[in-house]
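Engineer: Take a look at the following structure, please.
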Amino acid sequence: MSDAEARVPPLEPASDLHTTYGDLTHVGRVVSITRTVGLGDVRTDATARLDTLACIIQDVADADAASAPIDGMGVWILRALALRIDRQPGLRDEIVARTWCSGIGRQWAERRTQLDVAGVRCVDATALWVHTDPERGVPVALPAGFAGVWGPTTGGRTVSARLRHEGPPPDGRRSRWPLRAVDLDVLDHVNNAAYWAMVEEELARRGRPRVQRADIEFRGGLRRDDDVEVQVAERDDGFASWFTVDGDVRASVLVGCGP
């Protein structure tokens, strides 16, 4: 392993965000949705892509926020997402996604999401969402009443918004990543699920190894006119990727693969 590769951090739980939990034990608000994996959601081997899983995790989070009895809600921006994949959902599988708040910070909150198929756990996800002002796009305090609605499932747990991924090594493999209109969301920036399309490209290049863990961190958004470069570095258990614009890291991904 080269010195540059040695600087790539291991894919290990390094912060509160990446802590693994068991099943929900606290009483409180849990929201669930059901989604069927369709033809447009799978790879050539009929397993659900990472962007499919990210979309479902995003949708159940939105269902929770949109249905909550809270006034004055701002816009939630994904800061980080950690996935543990025990089983790959497949074509026509009915995925039951359930989510709850698992920790609270000053201007952010953590949520756990579990994806099950036929009562079998497939994916555990832990996400950190930052509450922002819809006009200014800056972090703001959680809305009044937040703790009353989502606090019980946290068990009083507080979380940090500090990111952990290191920057790219100087000799990583580089390529352009052209943005598409379909990558943009209602905020006119690249949707968080769209970043996984690049990861899928890299997995295909490697013969589609099975992903066991995948972490993404966002340091800044991407917009339609950005000239995006992706850097990739090898790791013992997979690879790491960075999305950069003029050398500025906007997002980073760590992927751990296994048999």
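The values are calculated or read from the model by the stated rules, or taken from the named source; none is laboratory data. Since the model is a prediction, treat every value here as computed from it, not as a measurement. For neighbour counting, all protein chains shown are included, and Cβ atoms are generated from backbone atoms with ideal geometry for every residue, glycine included.
Engineer: Within the range 30-52, is even one residue within 16 Å of the chain's Cα centre (by Cα), outside any helix (DSSP H, G or I) and surrounded by 19 or more Cβ atoms within 10 Å (Cβ to Cβ)?
Structural biologist: Checking the range 30-52: at least one residue is within 16 Å of the chain's Cα centre (by Cα), outside any helix (DSSP H, G or I) and surrounded by 19 or more Cβ atoms within 10 Å (Cβ to Cβ).
Engineer: Would you pick out the residues in the range 185-199 that are assigned to a strand (DSSP E or B) and either in contact with a helix residue (DSSP H, G or I) (Cβ under 8 Å, 6 or more places away or on another chain) or closer than 24 Å to Ala233 by Cα (or both)?
Structural biologist: Val190
Engineer: If you don't mind, another one. For the range 135-149, enumerate the residues that are within 21 Å of the chain's Cα centre (by Cα) and at pLDDT below 95.
Structural biologist: Gly137, Val138, Pro139
Engineer: Next question, about the same structure. Just for the range 235-259: of the residues that are in contact with a Lys or Arg (Cβ under 9 Å, 6 or more places away or on another chain) and farther than 15 Å from Met198 by Cβ, which one is surrounded by the most Cβ atoms within 10 Å (Cβ to Cβ)?
Structural biologist: If we take residues in the range 235-259 being in contact with a Lys or Arg (Cβ under 9 Å, 6 or more places away or on another chain) and farther than 15 Å from Met198 by Cβ, then Gly256 is surrounded by the most Cβ atoms within 10 Å (Cβ to Cβ).
Engineer: Can you confirm whether the range 88-99 contains a residue that is among the hydroxyl-bearing types (Ser, Thr, Tyr) and at pLDDT 95 or above?
Structural biologist: yes
Engineer: Identify the residue in the range 68-125 that is among the polar types (S, T, N, Q) and under 19 Å from Ile216 (Cα atoms) and, among all such residues, is nearest to the chain's Cα centre (by Cα).
Structural biologist: By that ranking, first place goes to Thr113.
Engineer: Considering only the range 88-97, I want to know if a residue exists there that is surrounded by fewer than 23 Cβ atoms within 10 Å (Cβ to Cβ), basic (Lys, Arg) and on the phi < 0 side of the Ramachandran plot.
Structural biologist: No, that holds for no residue.
Engineer: Okay, next question. Would you confirm whether any residue within the range 225-233 is free of Cβ contacts under 8 Å to residues at least 12 places away in the same chain, of a type in the set (Val, Ile, Thr) and either in contact with a Ser or Thr (Cβ under 7 Å, 6 or more places away or on another chain) or assigned to a loop (DSSP other than H, G, I, E, B) (or both)? Lay out the reasoning, then the answer.
Structural biologist: Residues of the range 225-233 that are free of Cβ contacts under 8 Å to residues at least 12 places away in the same chain, as a first pass: 225.
Checking the rest, the ones that are also of a type in the set (Val, Ile, Thr) come to none.
Checked against the condition, which is being free of Cβ contacts under 8 Å to residues at least 12 places away in the same chain, of a type in the set (Val, Ile, Thr) and either in contact with a Ser or Thr (Cβ under 7 Å, 6 or more places away or on another chain) or assigned to a loop (DSSP other than H, G, I, E, B) (or both), the range 225-233 yields no hits at all.
Here's the yes/no breakdown for (1) outside any loop (DSSP other than H, G, I, E, B); (2) over 22 Å from Ala97 (Cβ atoms); (3) out of contact with any Leu (no Cβ under 9 Å at 6 or more places or on another chain):
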{"site": "Val123", "(1), (2), (3)": "yes, no, no"}
{"site": "Leu142", "(1), (2), (3)": "no, yes, yes"}
{"site": "Ala147", "(1), (2), (3)": "yes, yes, yes"}
{"site": "His165", "(1), (2), (3)": "no, yes, no"}
{"site": "Ser175", "(1), (2), (3)": "yes, yes, yes"}
{"site": "Pro178", "(1), (2), (3)": "no, yes, yes"}
{"site": "Glu201", "(1), (2), (3)": "yes, yes, yes"}
{"site": "Ala204", "(1), (2), (3)": "yes, yes, yes"}
{"site": "Asp215", "(1), (2), (3)": "yes, no, no"}
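Engineer: Test Gly156 against the criterion of being surrounded by fewer than 15 Cβ atoms within 10 Å (Cβ to Cβ) and either of a type in the set (Ser, Thr, Tyr) or part of a loop (DSSP other than H, G, I, E, B) (or both), and give yes or no.
Structural biologist: Criteria met by Gly156.
Engineer: Select from the range 129-153 the residues that are β-branched (Val, Ile, Thr) and out of contact with any Gly (no Cβ under 8 Å at 6 or more places or on another chain) and write down the one among them that is farthest from Arg111 (Cα to Cα). It would help to see each step written out before you state the result.
Structural biologist: First, the residues of the range 129-153 that are β-branched (Val, Ile, Thr): 130, 132, 138, 140, 149, 153.
Now restrict to residues that are out of contact with any Gly (no Cβ under 8 Å at 6 or more places or on another chain): 130, 138, 149.
Numbers: Val130: 11, Val138: 20, Val149: 13 Å.
Of everything passing the filter in the range 129-153, Val138 is farthest from Arg111 (Cα to Cα).
Engineer: Considering only the range 212-228, how many residues are within 9 Å of the chain's Cα centre (by Cα) and acidic (Asp, Glu)?
Structural biologist: 2
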